[in-house]
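Presented below is the structure to which this report refers.
The values are calculated or read from the model by the stated rules, or taken from the named source; none is laboratory data. Remember, it's a predicted structure, so these values are computed and weren't measured experimentally. Every residue, glycine as well, gets a Cβ built from its backbone with ideal geometry; the counts of neighbours run over all protein chains shown.
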Amino acid sequence: MPDRPYVIDTMISAKAIAARIEELAREIEAEFAETGKLVVIGLLRGSFVFIADLVRELRLDVEVDFLEVSSYGNAMESSREVRILKDLRGQIEGRDVLVVEDIVDTGHTMINVHHLLSGRNPAKLRTIALLDKPSRREVPFRADWIGFEIPDEFVVGYGIDFAQRNRNLGYIGKVRFTEDAS
Ligand code: IMP
Ligand code: MG
């Protein structure tokens with residue numbers, strides 16, 4: 001599939017993303033105002049651009065950590081286990097935590113990560129996703145903050161890849177195949 005020729009059409013501009021992040025940052029600051037301290041956890045690799053821009057908008061005492069989990073191999077498995085490829089470096093017990101994800105699609109990744117991290121007893125655990133494809137959901141998960149709701153399109157850019165490419169685009173684009181597969 002990556003070898004099929006495609007073009008990328010702009011879906012969300014860099015400017016629109018930046019404006020939305022400013023709005024989200026003000027809401028996040030309000031939510032965590034009581035302690036003023038926050039551990040921001042980026043899910044590797046797709047969230048790396050989003051987390052970089054988001055934390056620079058936050059007027060809070062922020063620590064940054066990263067978590068990488070395997071994508072579920074089999075959607076039929078109802079297991080709540082998630083395989084950790086790279087664990088957090090720090091402890092989150094008793095602390096305020098914000099998990100940052102690129103896209104919520106079926107919801108399996110975030111429901112598992114939420115379950116995993118809540119087991120470590122943070123004081124407050126909140127989630128943010130830049131993009132949400134609600135029409136694709138297989139398990140009930142809703143992030144506390146969403147940048148943009150999008151239709152069921154395959155997107156790339158701003159950290160998000162197609163077969164590891166296009167993460168470096170400054171905007172969100174949708175992949176459009178230019179040849180008929182048949
Ligand atoms: P979920 O577990 O199905 O919610 O999967 C979420 C993950 O699937 C995201 O973090 C992405 O890594 C990947 N994903 C879902 N939709 C897209 C897309 O349109 N482009 C690239 N990756 C996607
Ligand atoms: Mg991801």
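What to note about this one:
- Pairing residues of the range 27-51 that are closer than 24 Å to T109 by Cα with residues that are away from ligand 2 (no atom under 16 Å from the Cβ) and part of a helix (DSSP H, G or I), at Cβ distances under 7 Å and at least 6 apart in sequence or on separate chains, gives V40/V55.
- Counted residues, the range 154-182 - those being away from ligand 2 (no atom under 14 Å from the Cβ) and either among the aromatic types (F, W, Y) or touching a Lys or Arg at 6+ places or on another chain (Cβ under 9 Å) (or both): 5
- For the range 50-59, a residue qualifies if it is within 16 Å of ligand 1 (Cβ to nearest atom) and surrounded by fewer than 17 Cβ atoms within 10 Å (Cβ to Cβ), but none of them does.
- Restricting attention to the range 138-182, the residues that are closer than 25 Å to E29 by Cβ and among the β-branched types (V, I, T) total 2.
- Tally of residues being within 16 Å of ligand 2 (Cβ to nearest atom) and in contact with a strand residue (DSSP E or B) (Cβ under 7 Å, 6 or more places away or on another chain) across the range 113-126: 3
- Conditions (1) more than 24 Å from A19 (Cα to Cα); (2) in a strand (DSSP E or B); (3) more than 16 Å from ligand 2 (Cβ to nearest atom): number failed by V64: (1)
Each row is one residue, and each column tells you yes or no for (1) modelled with pLDDT of 95 or more; (2) within 15 Å of ligand 1 (Cβ to nearest atom); (3) within 12 Å of the chain's Cα centre (by Cα).
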site	(1), (2), (3)
I41	yes, yes, yes
F48	yes, yes, yes
D61	yes, no, no
F66	yes, yes, yes
E77	no, yes, no
R80	no, yes, no
R83	no, yes, no
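- Those strands (runs of 3 or more DSSP E) lying entirely in the range 86-182 with at least 3 residues more than 9 Å from ligand 1 (Cβ to nearest atom) and crowded, with 16+ Cβ neighbours inside 10 Å: 96-104, 124-132, 145-149
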